[in-house]
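S.K.: Could you have a look at this structure, given as C-alpha cells, before my questions?
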Amino acid sequence: MAIKDNTLIFGHSPDADDAFMFYAMEKKFVEISGYKIDHYMADIETLNVLAEQGKLPVTAVSAARYPDVSHQYRIMSCGSSIGRNYGPMVVSCNPILESELKGKRVAVPGKYTTSWLLFQIFGPEECEPLFVDFDDVGLAVKEGRADVGILLHEGQILYNKLGFHGIMNLGEKWHEATAMPIPLGVDLVSRQIGEHLAQRIADASLASIKYAITHEDEALNYALGFGRGVDPEDGKKFVRMYVNKDTVDMGEVGRAALEKLYGMAVERGVYSKRPALDILQAK
C-alpha cells in the first residue's frame, strides 16, 4: 500500500464514540511524526466493504467482518467497541414476543455487521433480512418495509423515546450464553505498511484514546457534535458505554470473546472456519 504525501487515512464511523477516541488526533494533541493524519468518515457497513479492497491503512470494521479481511489487516489491541451485557436492539412498532420473530422481515444495518451475525446466532433461522443503511432501519420498520429492525449506536438505548418496542437485546442474549463481553467492532491496521509504522499507528491510537479519557469534558464536547441530535446526557451515556477499559486494551478477555464469537458462527453454519487472530499490541 502506497502512502501518498505521507498522509495516513483513518477510516471510522461518524459517531460520538469514534469521535471521542480520535479527538486528540483531530486536534493534533497526538501526532505521528513525519505523517499527516486524515479522517475518512463513513457508516460501518461502507467501511466493512472498503476493508475488503484494502484501500485504507487504518480502519474500523465490524468484528464480524474480520474473518473476510484478515489476510489484509491486523487487529489493534485498542479502539474496539465492546459491550458488557448490552448491544444491538431488535425492535418493532407494535409489541411482539421474541418467540414470534420466526418468519419476520428484519431491517438489518448491513450484511457484514456484527449485529446481523448475532441475530443469525440467536434469532430464528426463518427470517428474511432487508439490508438498509443503519440510519434507515427505524424508518424501514415504521414504513412497514420490515416487521422488525436491529438498531445500532444511540438507537439501542433510545428506542423507547423513538417510539419502538424492544424485542431482543442481542448484547444480553450474548451475555446469557457466554458470560463474556460482546465484541462488536475492532480497529484494523494494514499488513502492507510495515511493522514499524503499524506499531506507531497502534501506539498513537492508544494515546488518543487515553487523552480523551483523561480530558473527558473537552473530548465529550467535541464528540457530541456527532451525536445526530440526541440529548447531550444520552450522548454521554452512549460514549461511556463503548469507550471503556476494553477500548483501551481488549486484553485476553476481548481476545477470548472474539474467538467465542467466531466459534459460535461456525457452529451456526454462518462461517466455514474460524480465522486466526492476529492482534497488534498497542503500547
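The values are calculated or read from the model by the stated rules, or taken from the named source; none is laboratory data. Just so you know, these numbers come straight off a predicted model, no measurement behind them. Cβ: placed from backbone, ideal geometry, glycine included. Neighbour counts: every protein chain shown.
S.K.: Identify, from the list 206, 188, the residue that is in the same structural domain as residue 48 (by TED's automatic domain parsing) and touching a Ser or Thr at 6+ places or on another chain (Cβ under 7 Å).
M.R.: None of the others qualify; the one that does is 188.
S.K.: From the set of residues in the range 127-182 that are aromatic (Phe, Trp, Tyr) and in contact with a strand residue (DSSP E or B) (Cβ under 6 Å, 6 or more places away or on another chain), which is farthest from residue 250 (Cα to Cα)?
M.R.: 164
S.K.: Do you know which residues across the range 227-282 are within 23 Å of residue 17 (Cβ to Cβ) and among the hydroxyl-bearing types (Ser, Thr, Tyr)?
M.R.: If the condition is that a residue be within 23 Å of residue 17 (Cβ to Cβ) and among the hydroxyl-bearing types (Ser, Thr, Tyr), then 242, 247 are the ones that fit.
S.K.: Considering every residue within the range 166-184, establish whether at least one is under 18 Å from residue 244 (Cα atoms), β-branched (Val, Ile, Thr) and touching a Leu at 6+ places or on another chain (Cβ under 9 Å).
M.R.: Yes, there is a match, as at least one residue in the range 166-184 is under 18 Å from residue 244 (Cα atoms), β-branched (Val, Ile, Thr) and touching a Leu at 6+ places or on another chain (Cβ under 9 Å).
S.K.: Among the residues of the range 91-119 satisfying the criterion of being among the hydrophobic types (A, V, I, L, M, F, W, C) and farther than 24 Å from residue 68 by Cβ, which is surrounded by the most Cβ atoms within 10 Å (Cβ to Cβ)?
M.R.: Only one residue tops the list, namely 91.
S.K.: Working only within the range 121-144, note down all residues that are more than 21 Å from residue 46 (Cβ to Cβ) and either touching a residue at least 40 places away in the same chain (Cβ under 8 Å) or in a loop (DSSP other than H, G, I, E, B) (or both).
M.R.: The answer is 121, 122, 123, 124, 125, 126, 127, 141, 142, 143, 144.
The rows are residues; the columns are (1) in the same structural domain as residue 193 (by TED's automatic domain parsing); (2) under 19 Å from residue 248 (Cβ atoms).
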position: 14; (1), (2): yes, no
position: 27; (1), (2): yes, no
position: 30; (1), (2): yes, yes
position: 49; (1), (2): yes, no
position: 52; (1), (2): yes, no
position: 56; (1), (2): yes, no
position: 59; (1), (2): yes, no
position: 93; (1), (2): no, no
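S.K.: I'd like to know if the range 150-163 contains one or more residues that are at pLDDT 95 or above, closer than 24 Å to residue 264 by Cβ and in contact with a Pro (Cβ under 8 Å, 6 or more places away or on another chain).
M.R.: Taking every residue of the range 150-163 in turn, at least one turns out to be at pLDDT 95 or above, closer than 24 Å to residue 264 by Cβ and in contact with a Pro (Cβ under 8 Å, 6 or more places away or on another chain).
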